[in-house]
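A.B. asks: Sharing a structure with you now.
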Amino acid sequence: MNEQSEPPAPIRSADTAAATPAPKAGAEPPEGPAGRRSKASAVVRSVARDLLDLKSDPLPKLSRPRWLAWLPHVVLVYGAVGFFALTMEQLSGHYGVGGATRPVLSLLVGGAVLVAMRRPLAGFWIGLTAAALIAWAIHGHVGQGQSWPWLPSGIFSFAPVLLLVALRVPPRVTVGAVGVCVLATGLAEAVFKPEHSGTSAPGAVLLFAFTGLLGYALRSTRLARTKLVEQETLTEAERAQRTLLEERSRIARELHDVVAHHMSVISIQAQVAPYLVENPSEELKENLAGIRANALEALTELRRVLGVLRSEHPDDPANPHHPQPTLGELDGLVDNVRAAGLEVTIEIAGIRRPLAPGIELTAYRIVQEALSNCLRHAPGSRVEVGLAYGPRELHLCVANTAPTRPASPSPGAGHGLLGMRERAGMLGGELAAGPRPGGGYEVSAVLPTDPADPGSAGPAHDAKRQA
């Protein structure tokens with residue numbers, strides 16, 4: 001009876017080994033203890049590299065109120081001077097350290113605070129070096145129960161330095177700095193502690209840990225406040241931009257109605273004109289037919305391009321096309337405002353005449369928006385509306401006195417002036433708005449009634465601009 005033998009293990013050839021993909025350089029380490037150790041060592045190397053970064057990072061000044069801008073700097077300078085004097089007194093009075101060593105060590109303690117105001121990590125290493133040198137200098141002078149390795153004031157003079165570090169470095173670097181202080185204190189306590197001396201290690205560990213947490217909290221609060229201010233600024237800018245785009249869309253819709261009306265009139269007149277002439281020539285008929293065809297084509301394109309601005313659903317019967325208002329309807333607008341409880345007077349100077357539809361519409365909308373602002377923000381005030389027809393310009397002015405009662409909260413976005421300026425600028429005009437010297441508010445605009453093309457004005461216009 002033959003015994004079945006196990007199949008031989010597959011032999012891995014050189015070609016198979018070569019075909020097996022090798023791990024890529026720089027790839028993440030595999031999971032497991034080795035991978036975790038590799039990640040931990042990478043974090044430690046990164047923190048150590050950051051702790052040795054002695055770049056300049058000045059202490060920011062307070063912005064509000066202005067008289068407090070330099071207060072932190074003044075407090076730290078006074079603190080550095082106080083720590084210098086206190087270290088001098090304790091080295092000589094408590095430990096009997098004299099000579100040139102005493103002022104040099106005291107200067108390092110105070111100088112660490114001053115350096116940390118501009119270079120936090122440089123001040124940190126100076127302060128830690130000063131603490132190590134002080135511990136070495138007082139080692140042979142420590143009496144029964146005296147503090148070591150830190151002076152009684154040492155941990156309190158080093159705490160501001162650690163706080164300045166925590167305020168301006170990432171949290172992991174703050175943890176590394178606190179860890180270095182705790183490790184150095186523990187190592188000195190365990191290896192070099194003099195006999196019969198007291199210990200300052202527990203107090204130093206607790207104070208340094210609290211200082212690191214405080215600095216982290218203050219830094220997080222400052223960064224959050226900065227981001228909030230930036231976000232509010234961006235939100236306000238986006239709101240203004242959105243309001244501007246909405247106003248431009250509204251202007252486009254209104255001008256669409258004006259232009260569409262006149263193009264329709266041109267088309268109808270071109271169609272009717274041949275019947276108003278006795279025996280019109282074929283050339284006249286052909287030209288009038290071309291005018292009508294071009295007018296209809298332009299009207300079709302206009303409706304196709306700008307008609308979508310009428311609403312989200314251009315064909316919605318709830319949003320019909322209406323004739324746009326003109327200055328001829330200004331009296332009705334003023335009557336509506338009077339009915340709402342506002343005292344309004346209107347004055348017109350110059351020869352009143354019909355203007356271009358776009359100018360009439362823009363002037364009407366500016367007066368309408370200004371009167372609406374008076375209703376919202378100046379209840380009980382007296383309003384004066386003035387129009388002055390010049391040979392080449394139309395002057396508008398809407399001015400109100402101070403309100404007689406407080407205004408109710410308005411849900412508007414507060415960008416009405418932006419829309420008025422956009423309308424005036426569209427025609428090459430100008431608009432100004434601001435408070436009046438005696439109280440109240442005034443909006444004035446100048447709209448050219450015969451705007452010329454700057455490109456076709458000729459040399460005389462260029463000489464006038466240069467002058």
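The values are calculated or read from the model by the stated rules, or taken from the named source; none is laboratory data. The structure presented is a predicted model; accordingly, all values stated were derived computationally and were not measured. Cβ sites come from the backbone with ideal geometry, for glycine too, and all protein chains shown count toward neighbours. To get the accessible areas, we keep the full protein, side chains included, count just its heavy atoms, and leave off ligands, DNA and RNA. Shrake-Rupley method; radii C 1.70, N 1.55, O 1.52, S 1.80 Å.
A.B. asks: Would you point out the residue of the range 305-326, among those that are more than 27 Å from Ala273 (Cβ to Cβ) and exposed (fewer than 11 other Cβ atoms within 10 Å of the Cβ), that is modelled with the lowest pLDDT?
C.D. replies: Ala318
A.B. asks: Taking the stated definitions as given, is Ala237 part of a helix (DSSP H, G or I), among the hydrophobic types (A, V, I, L, M, F, W, C) and surrounded by fewer than 15 Cβ atoms within 10 Å (Cβ to Cβ)?
C.D. replies: yes
A.B. asks: Next question. Conditions: (1) open to solvent by 90 Å² or more (accessible area, probe 1.4 Å); (2) assigned to a helix (DSSP H, G or I). Glu278 meets all but one. Number of the miss?
C.D. replies: Single failed check for Glu278: (2).
A.B. asks: Something else about it: Identify, from the list Leu207, Leu151, Leu244, Leu183, the residue that is under 31 Å from the mean Cα position of the chain (by Cα) and not acidic (Asp, Glu).
C.D. replies: Answer to the selection: Leu244.
A.B. asks: If you take the residues in the range 202-218 that are touching a residue at least 40 places away in the same chain (Cβ under 8 Å) and open to solvent by less than 50 Å² (accessible area, probe 1.4 Å), which one is farthest from Arg168 (Cα to Cα)?
C.D. replies: My answer is Gly203.
A.B. asks: Given the residues Val142, Val175, which is the only one that is within 26 Å of Ala190 (Cα to Cα), surrounded by fewer than 23 Cβ atoms within 10 Å (Cβ to Cβ), in contact (Cβ under 8 Å) with a residue 60 or more places away in the chain and out of contact with any Lys or Arg (no Cβ under 8 Å at 6 or more places or on another chain)?
C.D. replies: Result of the check over Val142, Val175: Val175.
A.B. asks: Considering the range 378-405 alone, what residues qualify as being aliphatic (A, V, I, L, M) and touching a Gly at 6+ places or on another chain (Cβ under 6 Å)?
C.D. replies: Ala388, Ala402
A.B. asks: Test of understanding: among Leu167, Leu108, Leu114, Leu162, which residue is assigned to a helix (DSSP H, G or I) and in contact with a Lys or Arg (Cβ under 6 Å, 6 or more places away or on another chain)?
C.D. replies: Exactly one residue qualifies, and that residue is Leu167.
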